[in-house]
1. Give the peptides 72-82, 98-108 in descending order of average Cβ contacts within 10 Å, highest first.
2. Per-residue accessible area for His95 at 1.4 Å probe radius, Å² rounded to 10?
3. Note the listed values (i) 13.8, 45; (ii) 15.0, 49; (iii) 14.2, 49, then indicate which one is Rg and Dmax of the Cα atoms in Å calculated from this particular structure.
4. In deg cm²/dmol, rounded to 500, what helix-only [θ] at 222 nm does the chain give when every DSSP H run of at least 4 residues adds -39500 (n - 2.57) and the total is split over its residues?
5. May I ask you to compute the full-extension gain from Arg15 to Gln64, defined as 0.36 nm times their residue separation minus their alpha-carbon distance, rounded to one decimal in nm?
6. How many percent of the accessible area of the chain is carbon or sulfur, using a 1.4 Å probe?
7. Between Asp4 and Val105, what is the FRET efficiency for a Förster distance of 41 Å, r being their Cβ-Cβ separation, to the nearest 0.05?
8. Quick one: which of 109-116, 60-67, 15-22 comes out on top by average Cβ neighbours within 10 Å, and what's the full order, highest first?
Amino acid sequence: ADPDRLTQVFLNLLRNAVQAMQRGGHLVLRTRLETLYHLSADGEQPVRMVRVEIEDTGPGIPEQDLLHVFTPFFTRREGGSGLGLALAQHWVVKHGGRIELRSEVGSGTQVRVLLPVRRLR
């Protein structure tokens, strides 16, 4: 894994969560080793995954925007570049993982990052 890129991923996600809660709120960070979970590709053995969840109690993301949040330059935040989530998704996928986002207007947003655990050779 590239520690600099993964640091960038999590800083982008945490920054988005904090910025979403301009009037205060709660930020929750959860980590877990998924022992029964795996991403499979043809011929590969199941892989254990590290799961990182970032949850905020911000205003949430409208349903019509959920399809676009990982698109480069898409943003609803004034002064935002629209690159944070696009870059996060790019680097997570490059590391063999995936990123998922759930949100409900008025209830906040949860981002889940799944990354494979592999032995160094």
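1. On the way: 72-82: 11.8, 98-108: 15.3.
Put in order of decreasing packing, that is 98-108, 72-82.
2. 40
3. (ii)
4. Counting only the DSSP helices, I get -8500 deg cm²/dmol.
5. 15.4 nm
6. Numbers: 4300 of 8380 Å².
Carbon-and-sulfur percentage of accessible area, whole number: 51.
7. Working: r = 34 Å, r/R0 = 0.84.
My answer for the efficiency is 0.75.
8. Numbers: 109-116: 20.5, 60-67: 12.9, 15-22: 15.9.
Those peptides, ordered most packed to least, come out 109-116, 15-22, 60-67.
The values are calculated or read from the model by the stated rules, or taken from the named source; none is laboratory data. What you see is a predicted model, and the numbers here were worked out from it, not measured in a lab. Note that each Cβ is placed from the backbone with ideal geometry, even for glycine, and that neighbours are counted across all protein chains shown. For the accessible areas, the whole protein counts, side chains as well, though only heavy atoms, and no ligand, DNA or RNA atoms are used. Shrake-Rupley method; radii C 1.70, N 1.55, O 1.52, S 1.80 Å.
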